[in-house]
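Please treat every number below as a calculation from the coordinates, not as lab data. Only a predicted model underlies this, so the values are computations on that prediction, with no experimental measurement involved. Positions of Cβ are generated from backbone atoms using ideal geometry, with glycine treated the same way; all protein chains shown enter the neighbour counts.
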Amino acid sequence: MGEVIFVGAGPGAPDLITVAGLRALESADVVLYAGSLVNPALLEYAPEGIPVHNTASMNLEETTRVCIEHASRGERVVRLHTGDPSLYGAIQEQMVPLDEAGIPYRVIPGVSSAFASAASLKTQLTLPGVSQTVIFTRLSGRTPVPEGESLEKLAASGATLCVFLSVDRIGEVVERCLEGGRSPKTPAAVVSRAGWPDEASVAGTLEDIAAKVKEAGFIKQSMVIIGDPLGPRILGSDFEPSKLYAATFSHGYRKGSG
């Protein structure tokens, strides 16, 4: 019996796949990848001549059938997902038929576009005394968001918001954050195609970020990040350094001076 390996391909750049993901891809007997999102340059890591399926035009039944057929023949099937497959990756629905067919599988995590976007902005998503919580969310679309997770309610928490799949409705994102009590001066940034050669970004506040996004022409594959931890990078605001490296702070590996 073979196996199916769900691999987080990362946000776009071929060298942002993990070492574990790379090794799985290099030893694959067949590859399925989300061609609408995954960088096809990653396929160069796969063995030459193996079957490669672009799942952009395949439905769930077709995708799982390919996985089951090849794994049943003792082959290693690598299923490439963009970013990290645990976030909006739709892997749960693929695992159920594999369980029913008795096909073994495992998951290799990947670099989320949220983290690639933070790296592009050279910023943190958490800062001491500012926010220690990050929320991954999106606006309702064809896939609804539960009422209890409306953006207004999440914005009211004060946490850093990483809003997926919503840049085409950036005005609504801003409006809902303001309705949730965020200040118009709250730092905000949008990174388009993080990790790709044409990566681009804009930064500002809730007051002007929608206009900047419209001017830049970002309409898809963009991460919206909203929160005060972006302040030092975007607005030059002051912040409280972490205690971890403070000279007066003691821990199991170092005795502080205070």
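Taking every alpha-carbon pair within the range 137-222, the share separated by more than 22 Å comes to 22 percent. For LEU80, the residues 5 or more places off, or on other chains, whose built amide H falls under 5 Å of its own are VAL7, LEU32, TYR33, ALA34. Rounded to whole numbers, the Karplus 3J(HN,Hα) couplings from phi for the range 204-220 are x, 9, 4, 5, 10, 5, 5, 5, 5, 5, 4, 5, 6, x, 6, 10, 7 Hz, using 6.51 cos²θ - 1.76 cosθ + 1.60 with θ = phi - 60°, and x at Gly and Pro.
Exposure proxy for SER117, SER192: other Cβ atoms within 10 Å of each Cβ, ordered fewest to most, give SER192, SER117. Farthest toward the positive end of the dipole of the range 39-169, out of THR160, THR55, GLY141, is the Cα of THR160, where the dipole comes from beta carbon charges about the Cα centre. Our note on the geometry: Cα centres of the range 1-70 and the range 203-241, 33 Å apart. Pairs of lysine residues in the chain that meet both criteria, 8 or more places apart or on different chains and Cα atoms under 28 Å apart, total 16. Converting the Cα gyration tensor eigenvalues of the range 97-164 into ellipsoid dimensions via √(5λ) gives semi-axes, longest first, of 29, 20, 11 Å. Residues HIS81, HIS53 in ascending order of nearby Cβ atoms (within 10 Å, fewest first): HIS53, HIS81.
Counting only the Cα atoms, the range 174-246 fills a convex hull of 122 Å³ per residue. Both the radius of gyration and Dmax for the chain are 20.9, 65 Å, in that order, over alpha-carbon atoms.
Amide H to amide H, with H built 1.01 Å from N, ARG193 comes under 5 Å of SER222, MET223, counting only residues 5 or more places away or on other chains. When every Cα-Cα distance of the range 1-91 is counted in 10 angstrom steps from zero, the calculated P(r) takes the values 18, 56, 25, 1 percent.
Scanning the chain for trypsin sites (Lys or Arg not before Pro) that sit in a DSSP loop and have at most 15 other Cβ atoms within 10 Å, the longest stretch containing none of them is 1-72.
Derived from the Cα gyration tensor, the three semi-axes of the equivalent ellipsoid of the range 1-152 are 30, 19, 13 Å, largest first. Placing +1 on the Cβ of every Lys and Arg and -1 on the Cβ of every Asp and Glu, with no other charges, gives the chain a dipole of roughly 780 debye about its Cα centre.
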